[in-house]
1. Quick one: pull the percent of accessible area on segment 88-139 belonging to carbon and sulfur, 1.4 Å probe, ligands and nucleic acids left out.
2. Excluding same-chain residues fewer than 8 positions from Lys147, which lysines have a Cα within less than 18 Å of its Cα?
3. Using a 10 Å cut-off on Cβ atoms, rank the peptides 90-100, 182-192 from the highest mean neighbour count down.
4. Could you tell me what percent of the accessible area of segment 144-260 is made up of carbon and sulfur, with a 1.4 Å probe and every protein chain present?
5. Kindly state, as a whole number, the per residue volume in cubic angstrom of the convex hull around the alpha carbon atoms of segment 161-270.
6. Can you check how the C-alpha radius of gyration of segment 60-200 compares to 2.2 N^0.38 Å, as a plain ratio?
7. Relative contact order of segment 178-222: what whole-number percent is it, with Cα pairs under 8 angstrom and at least 6 residues apart?
8. With Cβ to Cβ distances under 12 Å as the rule, what net charge do the other residues near Glu119 carry (K, R +1; D, E -1)?
Amino acid sequence: MENSSPSTSRKRRRAGEPSPEPESDLNDDQLLSLEENFNFSDTLVALHMMRAHFPRIDKVSVQPFILWSQLYSSVKDRTQVDRELESLRREGVLRTFKLSTGQDDHAIMFLDDYLSQIERVSKRLETQKQEGLSVFEWFKEHVIHSKLDPSIGHEELRSLLSLGGKVKEEHISLLINAGLLTRQLIDPNMYWFAIPNIGSILKGLSQGREELMSFLNRRKYKEMPMAALEKKCLRLSPLDMRFHLRDLLGSGHLKTVEGPTGLVVKIVKD
């Protein structure tokens, strides 16, 4: 590859156009393009690959997660995806989380990663000399392994936590403030299990979706070769283009068609 200085190689971009993706330091296996790692026959294989491709995000301490929609982009049999995810969830391999970014948005995180996330939060609060931190161990030992659904009721939560010790409302408030639980709007006595520190990423997820759709809508034929699009970098999202492409392809907002030189990403017309 020819070397050229930044001043001569940088082309002027139109306002709002995503910039080229910066070079990655991933290993050779992970450097395969999205097109080369697009379809999988097995949900668990797809999950492991997408976990490995989860972008590094500065200043945000969050373990890798996968969107349910992303699996639909790569495993063509949606019934198979749903069936295998349910089996993996029941086996305690992973957990699913309802996200605030859309009615059908769900995140998937391997259980070991989620437990590590809880540990990080607990240690951070420990340095702040926060009281009642034993509730995090109760939460891991008696709630996470017993309640596999994405939500839990107040009384059931208290009952499971009480297996570890005497539960106070302050303990539950601590779990909420740590980002491990969020109250459901339609029923304040129900909680969603949540991923701590994910707030800014969810904001970027929503903004990145809008930015990518807007970028393609401004193109003449509302399409672009996947290989070229994957190299773009979104300005408004900490997540990379690969993450957003899998999401929007799986949710049906985008589609791929075969072109002369490979896959082409197109906007799905209403």
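The values are calculated or read from the model by the stated rules, or taken from the named source; none is laboratory data. All figures in this text were calculated on a predicted structure; none of them were measured in a lab. Cβ atoms come from the backbone with ideal geometry, glycine included; neighbour counts cover every protein chain shown. Ligands, DNA and RNA are stripped out before the accessible areas are found, and what is left, the full protein with its side chains, is counted by its heavy atoms. Shrake-Rupley method; radii C 1.70, N 1.55, O 1.52, S 1.80 Å.
1. 43 percent
2. Lys98
3. On the way: 90-100: 16.5, 182-192: 12.9.
With the highest mean Cβ count within 10 Å placed first, the list reads 90-100, 182-192.
4. Working: 3030 of 5710 Å².
Percent of accessible area from carbon and sulfur atoms in segment 144-260: 53.
5. On the way: hull volume 16.1 nm³, N = 110.
Hull volume normalised by residue count: 146 Å³.
6. On the way: Rg = 15.3 Å, N = 141, 2.2 N^0.38 = 14.4 Å.
That works out to 1.06 for segment 60-200.
7. Numbers: 25 pairs, mean separation 11.5, N = 45.
Reported as a whole number, the value is 26 percent.
8. Numbers: positive: Arg120, Lys123, Arg124, Lys140; negative: Asp112, Asp113, Glu126, Glu137.
With Lys, Arg at +1 and Asp, Glu at -1, the neighbours total 0.
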